[in-house]
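A quick write-up on the structure given underneath.
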Amino acid sequence: MTDVPDPAPLPDPAVASPTDRSGLQDGAVRGATWTVIHTLISLPVAFAVNLVVARILGVADYGRLAFLTSLMEVAGGIITLGFSQALIQFGSKFHAAGRHDELRHLLSAAQGFRLLVAGPLLALVVLLVVDVPPAMLAIAVVFGIFVPAALDGAAACVWIENKSAAGAKLAIVTSLTTSAAVVLAAVLARTPDAVWATRLVVTGTAVALSLLVISPAYRSAVLRPRLPRGLPEGFWRFALPIAAAGVVGGLVMSRSEVFFMTWLATPAAVGAYALAYGLASHLFAPAQAFVGPLIPAISGLRAIDGQAVAPAFRRTLRASSTVVGVLLAAAVAPLALLVTTLYGHEYDASSPVLVALGISAGLVIVFAPVTAFVSSRLSAGVLLRANLTALAVDAAVAVSLIPLIGIWGAVVASISAIAVRYGLLLRNEIGQLGIGWGELGGLVRPALLGVLLCLGTWFAVRPLGDGLGSAVIAGAAGVAGYALALRVARTGLTESDAASIARPFRGRLQPVLRIVLPVLTGRRGSA
């Protein structure tokens with residue numbers, strides 16, 4: 001008698017079906033493109049809001065706002081960057097493999113952990129550390145901790161289901177609403193505490209929007225928290241170190257130097273550094289769009305086609321490097337030349353600092369995909385060790401140099417920590433993928449060309465003075481120089497890269513892609 005195999009289980013109609021390698025890639029590209037659209041809409045708005053708030057508050061109060069915001073970013077990072085990393089990694093694998101019951105159980109248990117363990121602990125930390133009026137403190141605890149803790153599983157599901165395009169659309173709504181509320185608070189209250197509290201209320205509440213786009217079965221699981229028991233084998237072994245790595249990494253990768261500067265420098269220096277850091281972050285938000293959708297996509301790809309991971313790493317690094325190169329060459333120096341014109345002479349110190357932090361932020365975006373690849377192998381220990389080492393370097397350099405050279409001590413500390421973190425991660429990951437340092441240098445060559453053009457235009461145009469005219473000259477020189485450099489160096493996207501980016505999109509985006517992608521394509525073939 002011949003054995004008859006069991007029939008394949010029927011798909012759950014309440015959830016999206018698992019995808020193949022092509023579906024994962026297309027979903028990641030669509031998510032990246034919609035995130036770019038989000039940033040292109042929200043970035044000018046955020047820039048204008050930042051300008052209004054900085055001018056209304058002044059450099060010292062702007063520094064206090066940066067301190068309060070950074071403090072909640074660190075606290076919130078324990079929820080969003082710690083436990084959620086493990087949830088997304090395991091959840092993406094379950095969803096890609098069609099293991100929906102296991103994923104629903106995981107979502108409910110994760111919500112129980114956030115509400116019963118993480119939330120109360122974080123609330124205690126905030127109550128002990130944050131020095132604001134009681135009403136503001138209550139807002140921070142409710143909207144900065146417990147509301148996100150109760151609903152953050154829905155945000156994780158957006159990534160797990162590879163619906164980052166829908167997540168980007170929700171982010172547009174959140175960004176515009178937050179911007180309007182922050183400007184209103186700054187104009188009416190004119191205090192950093194009020195602006196900080198207003199932002200927390202809007203962004204904390206907006207987490208609930210993710211419930212609208214996830215599958216009904218997953219939505220039900222998110223809204224039914226249970227005790228964090230019966231989690232997948234190896235979950236806590238990955239989750240605990242990745243949670244620690246997320247917290248430490250948040251300190252390394254955020255503007256945590258403002259904590260040291262609040263202690264060791266003047267309020268004006270804190271404000272000037274915070275402005276430069278914020279502008280650099282805004283500038284590279286479009287490039288960051290290519291990184292976020294990678295985390296669930298790479299995790300799912302490793303689960304269904306491990307042989308495709310190394311080629312995906314090469315393609316991802318080429319794409320991020322090419323996009324970052326454009327921004328480095330064409331935008332960093334022009335924006336730095338406009339700082340005094342836009343924000344006033346009390347922010348003079350921010351201008352050259354923006355050039356240094358802009359280059360650093362750009363290189364962070366170039367190498368940020370390595371974190372997704374390390375995480376997809378569940379290598380939490382590697383991340384934790386790299387982050388701890390980088391944080392130690394950051395603290396040591398900051399404490400040593402800020403008293404001596406002020407704001408530039410914070411700049412050196414930030415750049416040193418980032419270099420150490422990504423140096424350690426790259427050394428581990430490229431060995432796993434069989435990529436040498438020479439090949440790695442070729443993959444990131446477009447960004448290195450952008451760095452040279454950024455520095456060249458800054459030092460060449462700065463003697464002409466700050467202002468709009470100098471910024472236009474620097475921007476035009478950067479764009480022309482970068483397009484020429486890609487051709488001469490025969491680097492940038494390959495034809496295969498460009499085709500992969502364009503394939504999922506039809507209609508109105510095609511004419512735009514036909515103009516942009518050939519300019520960034522400096523190589524033929526698919527290597």
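Read-outs throughout are calculated quantities, based only on the coordinates presented, and are distinct from any laboratory measurement. Quick caveat, the model's predicted, so the values are computed rather than measured. A quick note on method: Cβ atoms are made from the backbone with ideal geometry, for glycine too, and the neighbour counts reach across all protein chains shown.
How far, in nm, would the chain grow between Leu452 and Glu439 when pulled straight, counting 0.36 nm per residue and subtracting the alpha carbon separation?
Taking Leu452 through Glu439 to full extension adds about 2.7 nm, to one decimal.
Would you kindly state how much longer the chain becomes between Thr341 and Glu233 on full extension, computed as 0.36 nm times their sequence separation minus their alpha carbon distance, in nm to one decimal?
33.2 nm
Viscosity 0.692 mPa s, temperature 37 °C: give me the Stokes-Einstein translational D for the range 133-178 in µm²/s, with Rh taken as the Kirkwood radius over C-alpha pairs.
The estimated diffusion coefficient comes to 271 µm²/s.
Can you find, among Val132, Pro120, Thr198, the residue sitting farthest towards the positive end of the charge dipole of the range 119-224, where Lys and Arg contribute +1 and Asp and Glu -1 at Cβ?
Thr198
I want the local charge near Val364. Using Cβ-Cβ distances under 13 Å, sum +1 for each Lys or Arg and -1 for each Asp or Glu among the other residues.
+2
Could you sort 398-411, 220-233 so that the peptide with the highest average Cβ count within 10 Å comes first and the rest follow in order?
Packing proxy ranking, top to bottom: 398-411, 220-233.
Along the range 427-442, what does the Karplus equation 6.51 cos²θ - 1.76 cosθ + 1.60 (θ = phi - 60°) give for ³J(HN,Hα), rounded to whole Hz, x for Gly and Pro?
Here the 3J(HN,Hα) series is 4, 6, 6, 5, x, 5, 8, x, 10, x, 5, x, 5, 4, x, x Hz.
For the range 178-277, what does the alpha-carbon gyration tensor say about shape, rounded, prolate or oblate, given a ≥ b ≥ c as the root eigenvalues, a/c under 1.5 as rounded, and a/b over b/c as prolate?
oblate
Suppose R0 equals 25 Å; then what is the FRET efficiency for Ala189 and Leu51 from their Cβ-Cβ distance, rounded to the nearest 0.05?
Computed FRET efficiency for Ala189 and Leu51 comes out at 0.90.
Please state the charge dipole magnitude for the range 434-499, taken about the Cα centre, from unit charges on C-beta atoms (+1 on K and R, -1 on D and E), reported in debye and rounded to the nearest 20.
Magnitude of the dipole: close to 180 debye.
So how do 358-369, 318-329, 438-449 stack up, highest first, on mean other-Cβ count within 10 Å?
Going by the mean number of other Cβ atoms within 10 Å, highest first, we get 318-329, 358-369, 438-449.
So what are the ³J(HN,Hα) numbers for the range 385-395, from phi and the Karplus equation (6.51, -1.76, 1.60; θ = phi - 60°), rounded to whole Hz, Gly and Pro as x?
These are the phi-based 3J(HN,Hα) values: 5, 5, 5, 5, 4, 5, 5, 4, 5, 4, 5 Hz.
Tell me, Kirkwood radius of the range 54-199 from alpha-carbon pair distances, in Å?
16.8
Modelled label-to-label distance, Thr205 and Asp348, 7 Å Cα→beta-carbon offset: nm?
4.3
In the range 434-454, which residues have a backbone nitrogen under 19 Å from the label point lying 7 Å from Ala489's Cα in the Cα-to-Cβ direction?
Only 436-454 pass the distance filter.
How big is the Kirkwood radius of the range 436-487, worked out from every pair of different alpha carbons and given in Å to one decimal?
Computed over Cα pairs of the range 436-487, the Kirkwood hydrodynamic radius comes out at 12.0 Å.
Answer rounded, prolate or oblate for the range 305-433, using the Cα gyration tensor with square roots of eigenvalues a ≥ b ≥ c: rounded when a/c is under 1.5, else prolate when a/b is larger than b/c, else oblate.
Note, shape of the range 305-433 comes out oblate.
What is the Cα centroid distance between the range 118-143 and the range 460-494, reported in whole angstrom?
46
What's the magnitude of the charge dipole for the range 332-458 around its Cα centre, counting Lys and Arg as +1 and Asp and Glu as -1 at the beta-carbon? Answer in Debye, nearest 20.
380
Which value in Å does the Kirkwood hydrodynamic radius of the range 366-470 take, with 1/r averaged over all unlike C-alpha pairs and then inverted?
16.2
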